[in-house]
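Laboratory data are not the source of any read-out in this text; all were calculated from the coordinates shown. Just so you know, these numbers come straight off a predicted model, no measurement behind them. Ideal geometry is used to build each Cβ from the backbone, glycine not excepted, and the neighbour counts take in all protein chains shown.
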Amino acid sequence: MPLLDIRDLRIDFGSTRVVDGVSLSLAEGGCLALVGESGCGKSVTALSIARLLPTPPARYAAGEIALQGRDVLRMTPAELRAIRGGVVSYVFQEPGASLNPVLRVGAQIRETLRLHRPREAGETEVVRLLKQVGIPAPEQRTRDYPHQLSGGMQQRVMIAMALAAAPKLLVADEPTTALDVTIQAQIIELLAELRRQLGMAILLITHNLGIVGDLADRVAVMYAGQIVEEAATGDLLRRPLHPYTQALLRSAPILGREQDRLEAIPGTVPVPGQWPAGCRFAPRCPMARSECREQVPVLAPCGGDRLVRCPFVET
Amino acid sequence: MPLLDVQDLRVHLPVRGPVWSRPTVVRAVDGVSLTVEAGEAVGLVGESGCGKTTLGRAVLRLVEPTAGRIVFDGRELTKLERGALRGLRRRMQMVFQDPFNSLNPRRTVGESVGEALDIHRLAPTRAARSERIAGLLTSVGLDPAHADRYPHEFSGGQRQRIGIARALAVDPQLLVCDEPVSALDVSVQAQVINLLRDVQRERGLAYLFISHDLAVVEHFCQRIAVMYLGRVVETGPSRAVCRQPRHPYTQALLSAVPVVDPQSKRPRIILTGEVPSPLAPPPGCPFHPRCPVAEGRCRTEAPALRMGSDGRAVACHLAGD
């Protein structure tokens, strides 16, 4: 039984669909990256795992989210409290906005401990957690307020808070986007190390295909509310099959490669509510044929354990 | 003679702490020299807080420099009075990072682009003005019929095109671009970079291109200057610097850039610690607390930026050519 098994999830905001039939599966200790641009539905999918979306405006229109075999969408408030933190924890993009500015960081970690592991909710455990996430001089740092720490250190505190509840699954939503490259490298390294040490599964949400290679075993690419391609990380990065994944990988400049012009993708990312009929990437796709604009392609197996939402893929 | 010649520029900004504390200054830019030739794109890279944005703004005198000289096309900007400065400002423009906050939401696109034409009295008649606006919108790949629309009706990439059209309105020779694609979706970034290169070729524009993204800078710029804590630590042709970085900081920065292709993975130099606060920069070489190869004199003696014979310069005691 997989740790997380999302089946055909559909989420509406008011009358606008933002997630349209997403299925994902993550084994215990595994790492899956969910990649896509703004508005593709990746963060909404991530938040739905612990049912964190405010309803209304959000509405779970269809599907199920099985966490350790139990459907999150049918849980009672008491059951939800037990899985939030205890089974699934989150780390978000802006650590500065997620931490309480008027509480010392030690107190914030202790609060999580009291809720989930009350017997260990002491200074020793707080210091151990801060040390585990690589914060130097943790005994002193517990007394710091969030504004006294740099962005990278704040993100480490957020990760320590997430670990305090000893979750089985860590959802990291753009955990390095607000950080500098050298700090980004440190945080990715830390997440990989924690995964090895603790056997904790990670769902990495990102727009940056560059960082998935260091962490994820599998990658799912989202576009306009749907998964368009899913494969093992190496396969996907080396030989992307869906035209969108291919275009995304080709459009970014690569260090050390000489090219006069970048291969830009024409047009813009369609916003929810304005998704085109047929294949949603067709208006921007260099390979689109007339039937692409009429028929909605299905996410179909395509050799090995790959899935692609394009009937014209050459394998 | 270079189009832009910055000499030993310093920008020290006052920092206000609690009322009882002594007033302090942050040395945001601390002795930077660099040149931009006509038609050349020079990249300014570094992490947040290194002073690259302040430097870009000081070049246009949007922030007042504390010391040093900025010479634009033979005239020293730092000594100009307001009126004379306005005339020169026409020849250098800025493109900002956030296309959502840099356009007035209550003005149509035509008004925003046209304002610069009015200030510098570049369109004598109404007809000439609208013709010019239409031409500018076309040149950045927008439909001239959209001049009557408001910014919220456009996507991020289109808004950045509007920002570029506004900057081009006065026919500048130098464009200072501060992270022009960082706020855009990945699939749209390439469009804007291609556009910037097209206008560079058509108009012979020079760029001071500020970015934290080394791959973008290597692609777009002919030369590159790497900044750390308010100083330039390495400069040279962008290809050479990115292939064979000489300063340990540049080496670490390049190795930290995520690589998509799992097979071309290089060993990564993970820097320990963080960028020190510019309020209390370390003595000696500003990079020594994080430097993997630092030795005794790095802690006491600040290295000067030494020019090599190959057009490259490094500020490191230990870097060979």
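At a glance:
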quantity	calculated
Karplus (6.51, -1.76, 1.60) ³J(HN,Hα), θ = phi - 60°, over segment B:271-281, in Hz, Gly and Pro reported as x	6, 7, x, 10, 4, x, 5, x, 5, 9, x
Ranked A:Val296, A:Val22, B:Val199, B:Val19, criterion: other C-beta atoms within 10 Å, fewest first	B:Val19, A:Val296, B:Val199, A:Val22
Stretchable slack from B:Glu81 to B:Asp98, in nm (0.36 nm times residue separation minus alpha-carbon distance)	3.1 nm
Alpha-carbon Debye profile of segment A:5-48, log10 I(q)/I(0) at 0.14, 0.16, 0.19, 0.31 Å⁻¹	-0.34, -0.44, -0.61, -1.27
Cα gyration tensor of the protein assembly as shown - equivalent ellipsoid semi-axes, whole Å, descending	41, 34, 23
For segment B:103-235: relative contact order, % (alpha-carbon pairs under 8 angstrom, 6 or more apart)	21 percent
Of the GluC sites (Glu not before Pro) in segment B:1-97, those whose Cβ has at most 11 other Cβ within 10 Å and which sit in DSSP loop	B:Glu81
For segment A:210-307: rounded, prolate or oblate by the Cα gyration tensor [a/c cutoff 1.5]	oblate
Computed P(r) (all Cα pairs; segment A:51-194; 5 Å bins; percent)	2, 10, 18, 20, 19, 14, 10, 6, 2, 0
Relative contact order %, segment B:1-103, counting alpha carbon pairs below 8 Å whose residues are six or more apart	31 percent
For B:187-200, mean number of other protein chain Cβ atoms within 10 Å	5
Calculated log₁₀ intensity ratio I(q)/I(0) where the Debye formula runs over C-alpha points of chain B, q = 0.11 Å⁻¹	-0.74
Antiparallel DSSP beta bridges within chain B, percent to nearest 5	60 percent
Per-selection Kirkwood Rh - chain A (Cα, Å, 1 d.p.)	20.6 Å
Built amide H within the under 5 Å cut-off of B:Leu9, gap 5+	B:Gly31, B:Val32, B:Ser33, B:Arg69
In Å, descending, principal axis extents of the Cα set of segment B:92-171	32, 27, 23
Cut-off 20 Å, label 7 Å out along Cα→Cβ of B:Ser130, residues of segment B:151-175 by amide N	B:151, B:166, B:169
Calculated from backbone phi, Karplus (6.51, -1.76, 1.60) coupling profile of segment A:188-200 in Hz, x at Gly/Pro	4, 4, 4, 4, 4, 5, 5, 5, 4, 5, 9, x, 8
Within 10 Å of each Cβ in A:259-267, the average number of Cβ atoms from other chains	5
Peptide-level mean, for A:204-215, of C-beta atoms on other protein chains within 10 Å	3
Positive-pole candidate from A:Leu237, B:Val140, B:His120, dipole of the protein assembly as shown, charges at beta carbon	B:His120
Simple label model, 7 Å out from Cα along Cβ direction - A:Glu64 to A:Arg250, nm	4.2 nm
Mean ellipticity per residue at 222 nm, deg cm²/dmol - from DSSP H runs of n ≥ 4 across chain A, formula -39500 (n - 2.57)	-8500 deg cm²/dmol
Cα gyration tensor, segment B:266-321 - rounded (a/c under 1.5), prolate or oblate	oblate
Relative contact order, percent, chain A [alpha-carbon distance under 8 Å, six or more residues apart]	21 percent
Debye log10 I(q)/I(0) for segment B:5-118, one point scatterer per Cα, at q = 0.10 Å⁻¹	-0.39
Stokes-Einstein D for segment A:138-238, Kirkwood Rh over Cα pairs, 20 °C, 1.002 mPa s (µm²/s)	143 µm²/s
Built amide H within the under 5 Å cut-off of A:Tyr90, gap 5+	A:Val171
Estimated vicinal HN-Hα couplings, Hz - segment B:208-217 in sequence order (Karplus 6.51, -1.76, 1.60; Gly, Pro = x)	10, 10, 9, 7, 9, 9, 5, 5, 5, 5
